[in-house]
Amino acid sequence: MAGRPSSTSDAMQSVGDYLARVSTGPFPEAVRQVREFAPQYGRCEEHGEWQMNMLDEQGVERWLPDGCPKCKRQQKARSLIRRADIAPRFQSCSFDNYRTESDSQAHALNVCREYAATFRDQLTAGRCMILRGNPGTGKNHLSTAIMLQILNAGFSALRVKAASYLDEYWAKDFGERERWIVDMANVDLLVIDEIGRAPNTRAANDAFFRLIDERYEKLRPTIIVSNLDREELRGTLGAAAYDRLTEGGGRLLNFDWQSARAHRPT
């Protein structure tokens, strides 16, 4: 048959000819780089070795930015935490140091831990949470633990106290207020804390709806933290804002056990 090698030696010669053609073909530089590539490593005192170079999908050697990548991620997380406005008292909060003494507490812990672990999915769905119940039951602890975990994963988060938000909202002129709302609506996770009864319910409804609706349209999750019962909270936020928070699988967690502060030694 024409073109078919007649022996093993002929076959080997054909393979050799093919490789010779490949090595002088249109991509000899990529072939040479694959053959000559040797990974180089830097060393971090805290995290050990890290690779400084790699081959891209075309087989071309690329050098990574200088510095330990784990250190850079930690620095970014610390910067995000500073901007998230988490009070120093709560910066050590985690799921591991949240104490549970009842099934209800364990359930709240598991739901919040799962929310943080799957935050990318929560962000895609724009899924919100409401943590409401008695003072001293760990609402701030768990909401902060969620924030810290997602901040360390590279997401953005911000905590704002409800009273401070309302004061700023009413103090700004229309244009400044709209820019401010848009900025807060772009944060991956917003925690609105200490929502209590508002002296001007109608005005508070409008202010909360403006922010929650902007985040709702952008599929940005919001966590509400409050000591109010469900109907009081709905009244303060307004029915429209409350419904947006609970739509699409939004969770309501009731912290209805006794305050842990009452049992602390004095």
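Remarks
- Note on region 189-213: residues that are of a type in the set (Asp, Glu) and either at pLDDT 95 or above or over 15 Å from ILE224 (Cα atoms) (or both) total 2.
- Candidate set from region 148-177 (those that are in contact with a Phe, Trp or Tyr (Cβ under 9 Å, 6 or more places away or on another chain) and among the aliphatic types (A, V, I, L, M)); member that is modelled with the lowest pLDDT: ALA153
- Pair list, Cβ under 6 Å, 6 or more apart: region 208-231 residue touching a residue at least 60 places away in the same chain (Cβ under 8 Å), other residue loosely packed, with under 15 Cβ neighbours inside 10 Å: ASN227/PRO135
- Flag if LEU123 is over 22 Å from VAL187 (Cβ atoms) and either of a type in the set (Gly, Ala, Ser) or at pLDDT 95 or above (or both): no
- Selection count where residues are modelled with pLDDT under 75 and in a loop (DSSP other than H, G, I, E, B), scope region 66-93: 2
- Check on ASP96, loosely packed, with under 13 Cβ neighbours inside 10 Å, at pLDDT 80 or above and closer than 22 Å to LEU219 by Cα: no
This table checks each residue for (1) within 30 Å of LYS72 (Cβ to Cβ); (2) assigned to a loop (DSSP other than H, G, I, E, B); (3) of a type outside the set (Gly, Ala, Ser); (4) under 28 Å from the mean Cα position of the chain (by Cα).
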position: LEU158; (1), (2), (3), (4): yes, no, yes, yes
position: ALA163; (1), (2), (3), (4): no, no, no, yes
position: ASP183; (1), (2), (3), (4): yes, no, yes, yes
position: LEU190; (1), (2), (3), (4): yes, no, yes, yes
position: ARG210; (1), (2), (3), (4): no, no, yes, yes
position: ARG215; (1), (2), (3), (4): yes, no, yes, yes
position: GLY235; (1), (2), (3), (4): no, no, no, no
position: THR246; (1), (2), (3), (4): no, no, yes, yes
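- Of all residues in region 232-247 being at pLDDT below 95 and charged (D, E, K, R), the one that is surrounded by the fewest Cβ atoms within 10 Å (Cβ to Cβ): GLU247
- For region 99-131, the candidate set comprises residues that are in a helix (DSSP H, G or I) and charged (D, E, K, R); within that set, the residue that is surrounded by the most Cβ atoms within 10 Å (Cβ to Cβ) is ARG113.
- Hey, LEU252 of a type outside the set (D, E, K, R) and either within 17 Å of ASP193 (Cα to Cα) or assigned to a helix (DSSP H, G or I) (or both) or not: yes
The values are calculated or read from the model by the stated rules, or taken from the named source; none is laboratory data. Note that the structure is a prediction, hence the values are computed from the model and not measured. Don't worry about glycine lacking a Cβ; one is built from the backbone with ideal geometry, like all the others, and counts go over all protein chains shown.
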